[in-house]
Each structure stands twice: as C-alpha cells, then as structure tokens.
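Accompanying notes for the structure given below.
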Amino acid sequence: MGLRFHEKYLLLIGSVSLGLFILSATLFYFSSSDLSSTLQQHKIRDVGNRRGNEELLVRKVVVYRHNLSDNSALRQNNEYRRNYVKEMMKFAWDGYVAHAWGQNELNPITKSGHSGSIFGSAHLGATIVDAADTLYIMGLKEEFEKAKQWIDSSFDILTASSDLSVFETNIRYVGGLLSAYALTKEKLFLSKAIQIADLLLPAFDASSTGIPLALINVQTGKATNYNWASGGCSILSEFGSIELEFSFLSKITGNDTYLLKCRKLREYVNKLEKPDGLYPNYLNPNTGKWCQKHISVGALGDSFYEYLLKVWLFDEKRDNKLWETYKNAILAIENKLLFKSKPSNLWYFAEMKGTRIEHKMDHLACFTSGMFALQSLHETDINQRAHYLELAEKIGETCHESYNRTITKLGPESFRFASDIEAKAVRVHESYYILRPEAVEGWFYLWRVTGKQQYRDWCWEVVEALEKHCRATAGYTGIRNVNSLPVDQDDVQQSFFLAETLKYLFLTFSDSNKISLDKWVFNTEAHPFPIEI
C-alpha cells in the first residue's frame, strides 16, 4: 500500500521535474539535435509485487530523448558524439537528482530510489560519489557543485548499519573521493576518503595472514566473509583490488599505514604456491591456503590482475618485482585459459574449474582488452609490445562480436563457445545487460593506443543501442535479455553506468590529452589517479 501511494506521489513530483528538465534541456547545448518524445512500450515488473508476483505488466511510457541525427556525416563527428554522451550523462544525473537524491541508485522507470543496491537502504549517495569525477571531467559544473555540497553536508558512511563490501566501498567511495580530490584539490574529498579508509582497516586485522575479509560493519568494526564464497574464503579480485587506492592515500597523506597493509598482503600472496602459476579465485584468510581451483579473469578474478599492472604504473614503474609478478601471472593465464574459436577465430579467455575448462567468457573479462593495450605501451621489447597489442585487439574484437551477435546489439553478462556456438549467451541467466562498462573500457584503451577509428565506431554503436533499448523516462535501465524484443527492462540505473560506462564513452570521443594515459591511472571503477603528485 505504501509503495502504491509512494508511486503516485513520485509521479506527481516526477511530472513537475520532467517539465523543468525539458525546459532546461532545450537550453542545453547539443549539436544539431532537437527534443522529441516517442511513445514506447516497456515490459516492467509490478513494483508492488517485485519480490513475489512475477507477472509482467506492459505500460506505455513517454520517453523524452534527443533525436540521433539522420545526417550520417554528423553522427560520425566526434564533437557531436562527445556532446551526445554528455547529454546522456546529464539526463541520467537529472533523473537521479529528481527521484532518488541521496539514495544509492535510481529506479528510472518507477522514479524512485533503488533500495536493493549492494549498499542496502542506507542513504549513502553511491551515485553521487561514483559520478562526481565524471561530472567534473565532462564540464557539468553546476551538477558537480551539487554533488560536492551533498558530500560535504550530508554524506556520512556511519549511517550504514548493515555490513558493507570492503571491495565496493573502496573502489567506489574511496576511489571516487580520491579522484575528485585529484581533479580539484579540494580537501573535503580527501578528508572523507581518509575517514572511510580508516573504517576499512579492521578488515585486514581480522585474519592471521593480513588477507582482508570481504565485509565490514563500519559501526562496530566487525569483519566477516561471505558464507557463499567457498566456505567463507576471501575473493581474489576483492582483496587484490585495494592497493591502488591505499597507495594513493599513503602518498598524499604521508601515512604509510594504508600502503603497508597492502604490501603485507601482496608479499604473503607472492609466497604462496600457485598451481601452474595460476591464482585461484578463493583464498582462506586464516590458513593461507587456496580454497578451490576455480580460475578466471572474469568474475572473482578480474581486477586482481588489473591492479598488478596499475599499481606498478602508479608507482612510476619502480617496482621491478611487481612487474615480474604481473608478467608471470599473465603468461600463466595465456598458457592455460586463452583459446581460439572456429570458424571465426575469435580469441577468448575460458575459465578453469578443477581440471575442467569451461568455454565461457564473462563480460567482465572484456576489461583485459584494455589491460593488454595499456601493457603494450610500457613493454620495452618490440616483440612483446606487438604480442600484447595483438592480444588486446583480438579480445576487443571478440567482445564486439558478443554485442554484434545479439538482437539488441548489447552484450550479455557472459557468452559461450562450442562446436556450433561463438560468443553467444545460451542460458537465460547469462543473457542480461546491466549497463556494464568493460567492453567500451577496452575499446577506449584501444583507441588511445592505436588511433584506429573502428574503436570509436564500436563505442558509438553502444550509444545507439543504449538509446534504443535502455533509455527510460528518468534515466537508463538494464535489460534482462539481450536477445529478446520488446526488451524487458530491469528498472535499475547502476552507479557504475555514470562512473564508468559514460566516462569511457565520453573520453573515447575526446582528445587523447583529456585524462592522458601518460599522466593518469584509472582504478577499476574508472576513477583516475595522477601518477605524479
């Protein structure tokens, strides 16, 4: 009953807000495009019965959008494309401001705050903190100031009564605040980042090895692990994706506590025996033993490898041992998990479960295209440089095929390879798209490294697909099946869509000196940190 009443109230407020948005959008500079409204039908689930009743309702929704120009030459113009992505960011942000301000994420169809996010129902403003640096980079000054004011006056991590993910809190909050500080030099962002990082430290002290546990209650300081994670083990991608943020924090504060926690962790993992040089996805934080032989560069493993490279770059390439660790880890992955499909010769990374190879690649693993492109820039051996650039381009091509082979031209959560299948989702639970950034992230790096226009064009294809299938009345939504029309929208605008997807798209259509790869390193949430401070 409360939800129904709340929905009506939000509809009234939303109508007023939408009118104001249309007026402001008309004044917003955007190359050769006019506002129009198109009437579309979307399948959405009844909000009142979201958890129980699975009956699908069909509602007519008025979607206000900028028309994509019919002028093909204009649509290939990078200034047009860049400004279009900027308008997308403003639209996504304005919807969040109007209907979910202070809450973590937005339900853009039902125009309400999304309480089912990974940060729970506490009003921690995940979208605000995650999106702040994107707003700044895009030159959305008023929007950035509003975000800054909320962070200054209203953000308090201690209002979270439930357990928080150490990993997600670090990459989104600590990372987002440190990036905002790096871009603006405003101390309030740094002070908030320090406060949160200090609250995460007990997770490192909760085990005998220094391997941090996955969850922290910031009010009590008690840390725990997920019960589902291989019997309470710590996750490779999570405990391996803290050092970049903590290194930056130690560098700018002079407090080595953060860095030393991560160095101890890294040194411990380095001493462990690795089966065939591989890093399993789960590690027992108390016994120091691998929990099972599940190995992946997608979910559960991904950003561990990313941070080996990026921490080395952030440290100005001084740690030769870390570079060697990264190279050995990547070589093992290449030797055991890299395959080529037939007949299309698509290169992909499979997963290993015990002794069995599962020929499945996650959308998350598409980040490796960018990682290898970045690596190629810093290889001193010409053959190694060529090898890793080829690998980057081949993986980038495979990820593009995973998009191009769907009805919606959006990529599935994971895709498989078999005798009669190449880069396609074959299971319903693998067919959803939640506005993920990893494919466009890879193409962004490939554009920066090679200068090839096709990578910009592939990113633009994603923009067109997002506009066609994911743009709702108050923002952008994921879809439940990339191979089904009409699309079944999930009514969630993920904070990483503003932090990562739109940022990488914008930068792809910008000059290469905009957040230059020579001077900045992106964390795994696309928050840029300066290499030299």
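The values are calculated or read from the model by the stated rules, or taken from the named source; none is laboratory data. Note that the structure is a prediction, hence the values are computed from the model and not measured. Cβ atoms come from the backbone with ideal geometry, glycine included; neighbour counts cover every protein chain shown.
There is no residue in the range 477-488 that is of a type outside the set (Asp, Glu) and assigned to a helix (DSSP H, G or I). Look at the range 453-466: where a residue is at positive phi, no partner that is surrounded by 19 or more Cβ atoms within 10 Å (Cβ to Cβ) sits 6+ places away or on another chain with Cβ atoms under 7 Å. Scanning the range 418-450 for residues that are hydrophobic (A, V, I, L, M, F, W, C), part of a loop (DSSP other than H, G, I, E, B) and over 19 Å from the mean Cα position of the chain (by Cα) returns Ala425, Val426.
Total residues in the range 332-355 satisfying the condition of being closer than 21 Å to Leu300 by Cβ and either surrounded by fewer than 18 Cβ atoms within 10 Å (Cβ to Cβ) or over 23 Å from the mean Cα position of the chain (by Cα) (or both): the figure is 11.
Does Asp133 meet the test of being among the acidic types (Asp, Glu), touching a Lys or Arg at 6+ places or on another chain (Cβ under 9 Å) and under 24 Å from Ile216 (Cα atoms)? Here the answer is no, as Asp133 does not meet what is asked.
I'd like the full set of residues that are surrounded by fewer than 24 Cβ atoms within 10 Å (Cβ to Cβ) and part of a helix (DSSP H, G or I), limited to the range 401-417. Within the range 401-417, Glu401, Asn404 meet the criteria.
In the range 130-145, the residues that are free of Cβ contacts under 8 Å to residues at least 24 places away in the same chain reach residues that are in a helix (DSSP H, G or I) with C-beta atoms within less than 6 angstrom, at least six apart or across chains, in these pairs: Phe144/Leu135; Phe144/Tyr136.
Considering the range 208-223, the residues that are surrounded by fewer than 22 Cβ atoms within 10 Å (Cβ to Cβ) and of a type in the set (Gly, Ala, Ser) include one that is farthest from Gly240 (Cα to Cα), namely Gly221. Once the range 507-531 is narrowed to residues that are hydroxyl-bearing (Ser, Thr, Tyr), touching a helix residue (DSSP H, G or I) at 6+ places or on another chain (Cβ under 7 Å) and surrounded by fewer than 22 Cβ atoms within 10 Å (Cβ to Cβ), the residue that is farthest from Phe304 (Cα to Cα) is Ser510. Comparison of Ile252, Ile235, Ile242, Ile295 shows that the only residue that is among the β-branched types (Val, Ile, Thr) and in contact with a strand residue (DSSP E or B) (Cβ under 6 Å, 6 or more places away or on another chain) is Ile295. Arg318 meets each of the listed conditions (1) more than 28 Å from Lys271 (Cα to Cα); (2) without any contact (Cβ under 8 Å) to a residue 12 or more places away in the chain; (3) among the basic types (Lys, Arg) apart from (1). Of the numbered criteria (1) closer than 22 Å to Ala126 by Cα; (2) assigned to a loop (DSSP other than H, G, I, E, B), the one Ser230 fails is (1). Per the listing Gly113, Gly175, the residue uniquely closer than 17 Å to Ala499 by Cβ and either modelled with pLDDT of 95 or more or acidic (Asp, Glu) (or both) is Gly175. With respect to the conditions (1) crowded, with 20+ Cβ neighbours inside 10 Å; (2) at pLDDT below 95; (3) among the basic types (Lys, Arg), Lys261 falls short on a single one, namely (2). Here is the figure for the range 233-276: residues that are under 19 Å from Ile295 (Cβ atoms), of a type in the set (Gly, Ala, Ser) and not in a helix (DSSP H, G or I) total 3. Number of residues in the range 432-468 that are touching a helix residue (DSSP H, G or I) at 6+ places or on another chain (Cβ under 6 Å) and not hydrophobic (A, V, I, L, M, F, W, C): the value is 8. Please verify whether the range 237-257 includes one or more residues that are touching a Gly at 6+ places or on another chain (Cβ under 9 Å), more than 20 Å from Val521 (Cβ to Cβ) and at pLDDT 95 or above. So far as the range 237-257 goes, no, none of its residues is touching a Gly at 6+ places or on another chain (Cβ under 9 Å), more than 20 Å from Val521 (Cβ to Cβ) and at pLDDT 95 or above.
Flag: Ala203 does not match the condition of being in contact with a Phe, Trp or Tyr (Cβ under 7 Å, 6 or more places away or on another chain) and closer than 21 Å to Lys261 by Cβ.
In the range 511-527, the residue that is farthest from Tyr173 (Cα to Cα) out of those that are of a type in the set (A, V, I, L, M) and under 18 Å from the mean Cα position of the chain (by Cα) is Ile515.
Any residue at all in the range 486-506 that's in contact with a Ser or Thr (Cβ under 6 Å, 6 or more places away or on another chain), of a type in the set (S, T, N, Q) and either under 25 Å from Val426 (Cβ atoms) or free of Cβ contacts under 8 Å to residues at least 40 places away in the same chain (or both)? There is at least one residue in the range 486-506 that is in contact with a Ser or Thr (Cβ under 6 Å, 6 or more places away or on another chain), of a type in the set (S, T, N, Q) and either under 25 Å from Val426 (Cβ atoms) or free of Cβ contacts under 8 Å to residues at least 40 places away in the same chain (or both).
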